[in-house]
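Student: Encoded as structure tokens, here's the structure I'll be asking about.
No lab work stands behind these numbers, since they all come straight from the coordinates. Keep in mind the model is a prediction, meaning the values are calculated, not measured. No Cβ is skipped: glycine too gets one built from the backbone with ideal geometry, and neighbour counts run over all protein chains shown.
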Amino acid sequence: MHRLRTCAARLRPLTASQTAQNFSQQRPAAVPRTFQPVRCYTAPVAAEPFLNGTSSNYVEEMYYAWLENPKSVHKSWDVFFRNANAGAPPGMAHQRPLSLATLPQAQSLVGAQPDVEKLVEDHLAVQSLIRAYQIRGHHVAQLDPLGIMDADLDSHIPNDIITSSDKLGFYGLDESDLDKVFRLPTTTFIGGTETALPLREIIRRLEMSYCQHIGVEFMFINDLDQCQWIREKFEKPGAMKFTLEEKRTLLARMVRSTRFEEFLQRKWSSEKRFGLEGCESLIPALKTIIDKSSEKGVENVVIGMPHRGRLNVLANVIRKELEQIFCQFDSKLEAADEGSGDVKYHLGMYHRRINRVTDRNITLSLMANPSHLEAVDPVVQGKTKAEQFYCGDTEGHKVMSILMHGDAAFAGQGVVYETFHLSDLPSYSTHGTVHVVVNNQIGFTTDPRMARSSPYPTDVARVVNAPIFHVNADDPEAVVYVCNVAAEWRATFHKDVVVDLVCYRRLGHNEMDEPMFTQPLMYKQIKKQKGVMQKYGEKLIAEGAVTRQEYEVRIQIAKYDKICEEAHVRSKDEKILHIKHWLDSPWPGFFNLDGQPKSMTCPSTGLTEEELTHIGQVASSVPVEDFTIHGGLSRILKARGEMIKNRMVDWALGEYMAFGSLLKEGIHVRLSGQDVERGTFSHRHHVLHDQNVDKRVCIPMNHVAPNQAPYTVCNSSLSEYGVLGFELGFAMASPNALVLWEAQFGDFHNTAQCIIDQFICPGQAKWVRQNGIVLLLPHGMEGMGPEHSSARPERFLQMCNDDPDVFPNITDDFAIRQLHDCNWIVVNCSNPANFFHVLRRQILAPFRKPLIVFTPKSLLRHPEARSNFDEMLPGTEFQRLIPEKGPAANNPSGVKRVIFCTGKVYYELTKERSARGMEDTVAITRMEQLSPFPFDLVKAESEKYPDADLVWCQEEHKNQGYYDYVKPRIRTTIHRAKPVWYAGRPPAAAPATGNKKAHLVELKNFLDNAFNLDAVKDQV
């Protein structure tokens, strides 16, 4: 003991109370394990956190604690220290665990026989063996239905998993130990009510728990209660038992899943449908998750999935009418509704029905999605969060999400990681998602060994400590059991969980594909593989659970085949595709019964002076007592107050007025993105931080009115793809909310391009699903370099659906009808009042369209970028085009040049015009709304100046920005009577220079061109 104390003298010990707290509160006592802090001793370890290795510091600190209070340490350590102090020789201070019950009578082991140490070492070895199965048993589980591939891509069997008697030597055991009885640790449930078992039985039970058709990954979770919960579910003897009724229900679900695919294959053998053959157990898996969740109180389930198996899920999980699905295969089917539509295996569905297992109402929503497999993940999460928000479900008890994935996509798509990292963020958490991976063990034609670097496709889920349950999809009972556990986990801990259905693809990537080209050995085995429904049916017949007649005729196969045939006959009467049957997010009461707006008018978006003043006062105050704000922020709020007194607003106040007024009207406002609470450019300050109390914040916007709607402003994770998808999903849930996503710089939206291209731009055309999401994209050439200058307006404008060569019919309601017919709205406002109006118009319009706003940077504080209250009063509205209002407008015949422009460049042009003294001869017109194009206003402005040349001026490069979009439309407006000259930067590959001097030279050059048209003409 002298050596132990000498070593301890160099260490800083814990107090007895600290040590006792560590043992009594953090973790219950676990199994001792061999440890050697000093070579002459072999000491046990009494806490699970240290089973993977214990530091000498820890032992010494515990020894000091024991000296102060022997009861502060585990019993095994108490015995060890007593014996060591009594003079037990090296290696003999152990007391075998079986004698701990007689601790008060524990005697010194001085002079004890060597077999005592062997007993201790054998018990410790068995405890290590149990832990090895818990950690690595999944590596040897029988997961592949084909029996030809290792699900973890590794045929090596871990040395610490006992697969033969010769492996016992790894633990210092041999065959003679197999019939010895060993006490079980508290960290296993394999004993049931028994506290000790023979080693042979211990190994058998571990194999049954961890090495059969279920592989469990959970030991990386750092919460003992969660680990114990999972251990009990999979280790307890007899846990996976099914009643006769449960088996018959499972068989019926397998029959529906299988026969549905076989029916489609018979009727439409040459059609792509991305069927479920090879993973038919997905249907009972999903129904089990929904049943158990409904039992736990869930009323609304939002589902996202790729295309494989979608039609089957629609038919047998969502319970869409079969005739509506079958009519999709009719080549003569006509589209009656607006839009281009989408292929049948991308469409979504919304259905409220009774869950027959629980007799409770449940709403199921399967989200429409594109072929970009995992892009729907954050969209589902956003819609789930919104549904929870609107029903006051703060803990996720009523609304949940289920996400399905393919194995290659789950491992390969970065948005999966982005979505997982939203799972525990306060403003994004949906309180647990059940992820189901349809693991085909192949990606189209790519072998998994070429498709991922991780052992499993599900390893990305480990970053958030989600348990992962691998299961052989050809064992329906194992699948259902795992899904029950997954649903219970989500209901208990409100955290993500993954079910990995290891299966195969019977017909290749789609029904037209030939998989033998690239996977000949796999598909030779698949051709010999008996279907899972047949295998399970034969199993139940052998058990006597069903008779063969029941299986084939009376209640199973023949019955469902008849249902399909009758639905097929009815489907022939469906000559027109009504896309309203496929809406995944209906908005009851918002539209007329035919899906059209209730009116085609938009009221004035202005406010009374009293409302503007009140909201401005809130924006310039701290509505919480004893709240200390930063000194610099005090000056900002004071300046806001002064502006309100002068009836003026800047950009931040214009936004504040729009948000505050909508909140007063009961419209929820949600603003999300990187740094949006303060604003990237330190202009917004919607969240105030107490300078003296950590984490104490104040959101003045939530103090606008007593009965206002809540305002949500939340800094997001450093993600664009995932977060924009999330906000898009949030905006789908209700039309009565203003949902905005702001990019840190507009340039960065391109990492969310998939959401923009596949969902926002064509969403209504593909799925007749309106969405009012707003994208705020800071944009402007300020000399900040190529990644902090351009929101790439050319890309958004290129995707607009208005025809550049057709001048529309101008009617009294032209402006509102243009908005109704467009796929999205693109604006670049030059003053705060217009920004205020366009935000309010998003909600006051009788329909919803995505709004793309190129927001400014320098204009946030530009002294001329201010608006008067008069521009925001009742009767005012958004100005699609702001005409020249200076001297040139009063003498139109004397105007030689009309410069059309948009955004920030207007202020640079007016400054240059004044410096040149050309206010009488040059008119500058601001195009605030670029799409839909204001044909009527451009026509009126052009005709006002009949002798003037027309110039489009932009600060962006010629091959970027707006020029290619506006030029043909201006030409169409003026009947191509004259050219539209260009003034701006020349074509370039990068959006901006990174050199400040070069930036200023470019600015000077294009301003010269704008006011010296002869030079431009000479160049042409």
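Student: Please label the shape of segment 120-235 as rounded, prolate or oblate, based on the square roots a ≥ b ≥ c of the eigenvalues of the alpha-carbon gyration tensor (a/c under 1.5 means rounded; beyond that, a/b larger than b/c means prolate, else oblate).
Tutor: Since a/c reaches 1.5 but b/c is at least a/b, the shape of segment 120-235 is classed as oblate.
Student: Continuing with the same structure: For segment 887-1019, with only Lys/Arg (+1) and Asp/Glu (-1) charged at the beta-carbon, what is the dipole magnitude about the Cα centre, in debye rounded to 20?
Tutor: Magnitude of the dipole: close to 200 debye.
Student: Using 0.36 nm times the number of residues separating Thr547 and Glu565, minus their current alpha carbon distance, what extension gain do you get?
Tutor: Computed gain between Thr547 and Glu565 is 4.0 nm.
Student: What residues have an amide H closer than 5 Å to that of Ile773, excluding those fewer than 5 places away on the same chain, when H is modeled at 1.01 Å from N in the peptide plane?
Tutor: Leu851
Student: Right, something else. At 0.36 nm per residue, and after removing the present C-alpha to C-alpha distance, how many nm does the segment from Trp587 to Ser914 gain when stretched out fully?
Tutor: Taking 0.36 nm per residue and subtracting the Cα distance, the gain is 112.5 nm.
Student: Further question: Using a 10 Å Cβ count of at most 12 others and DSSP loop calls, identify the longest part of the chain lacking such GluC sites (Glu not before Pro).
Tutor: Counting only loop sites that pass the neighbour cut-off, the longest clear stretch is 626-863.
Student: Quick one: which residues, 5 or more positions from Ser789 or on another chain, have an amide H under 5 Å from its amide H? H modelled 1.01 Å from N in the peptide plane, none for Pro or chain starts.
Tutor: Asp747
Student: Here's something else I'd like to know. For q values of 0.13, 0.15, 0.21 Å⁻¹, compute log₁₀ I(q)/I(0) with the Debye formula on a Cα-only model of segment 322-461, without solvent.
Tutor: -0.75, -0.94, -1.27
Student: Now a separate question. Which far-off residues, 5 or more places away or on another chain, put their amide H under 5 Å from the one on His372, with H placed in the peptide plane?
Tutor: Close amide H contacts, sequence-distant or interchain: none at all.
Student: Could you check what % of the DSSP bridge pairs in the chain are antiparallel, to the nearest 5?
Tutor: 30 percent
Student: Can you run phi through the Karplus equation (6.51, -1.76, 1.60; θ = phi - 60°) for segment 500-511 and list ³J(HN,Hα) in whole Hz, with x for Gly and Pro?
Tutor: For segment 500-511, the Karplus-derived couplings read 9, 7, 7, 9, 8, 10, 5, 10, x, 4, 9, 5 Hz, x marking Gly and Pro.
Student: At 222 nm, what value in deg cm²/dmol follows for the chain if DSSP H runs of at least 4 each add -39500 (n - 2.57) and the sum is divided by all its residues, to the nearest 500?
Tutor: The helix contribution divided over the chain gives -10500 deg cm²/dmol.
Student: Further, regarding this structure: If a/c stays under 1.5 just call it rounded; otherwise compare a/b with b/c (prolate if a/b is bigger, oblate if not). Do that for segment 887-1019, with a ≥ b ≥ c from the square roots of the Cα gyration tensor eigenvalues.
Tutor: oblate
Student: Let me ask something additional. Hey, got the Cα dimensions of segment 244-582 along the principal axes, in Å, largest first?
Tutor: Largest first, segment 244-582 extends 51, 47, 43 Å along its Cα principal axes.
Student: By a straight-distance test (C-alpha under 18 Å), which lysines pair with Lys562 as possible cross-link partners, with residues fewer than eight away in the same chain excluded?
Tutor: Lys267, Lys320, Lys572
Student: Separate question: Structure shown: which of Lys247/Lys292; Lys247/Lys539; Lys911/Lys939; Lys292/Lys398 lie over 18 Å apart, alpha-carbon to alpha-carbon?
Tutor: The pairs that break the limit, which is 18 Å between Cα atoms, are Lys911/Lys939.
Student: Further question on the same structure: Using only alpha carbon pairs under 8 Å that are at least six residues apart, calculate the relative contact order of segment 887-1019 and give it in whole percent.
Tutor: Relative contact order for segment 887-1019 comes out at 24 percent.
Student: Pull up the cross-link candidates among the lysines for Lys75, meaning alpha carbon to alpha carbon under 21 Å and not fewer than 8 places away within one chain.
Tutor: Partners within reach: Lys118.
Student: While we're on this one: Find how much the distance from Lys885 to Thr613 grows on full extension, using 0.36 nm per residue of separation minus their present alpha carbon separation; answer in nm with one decimal.
Tutor: Taking Lys885 through Thr613 to full extension adds about 95.2 nm, to one decimal.
Student: Given Cα pairs under 8 Å that are at least 6 residues apart, what percent is the relative contact order of segment 244-582?
Tutor: 26 percent.
Student: Of all the Cα-Cα pairs you can form in the chain, what percent are over 50 Å apart?
Tutor: Tail fraction, whole percent: 39.
Student: Given Cα pairs under 8 Å that are at least 6 residues apart, what percent is the relative contact order of the chain?
Tutor: Relative contact order for the chain comes out at 9 percent.
Student: Within segment 249-271, find all residues whose amide N lies under 19 Å from a label point positioned 7 Å from the Cα of Glu514 along Cα-to-beta-carbon.
Tutor: 269-271
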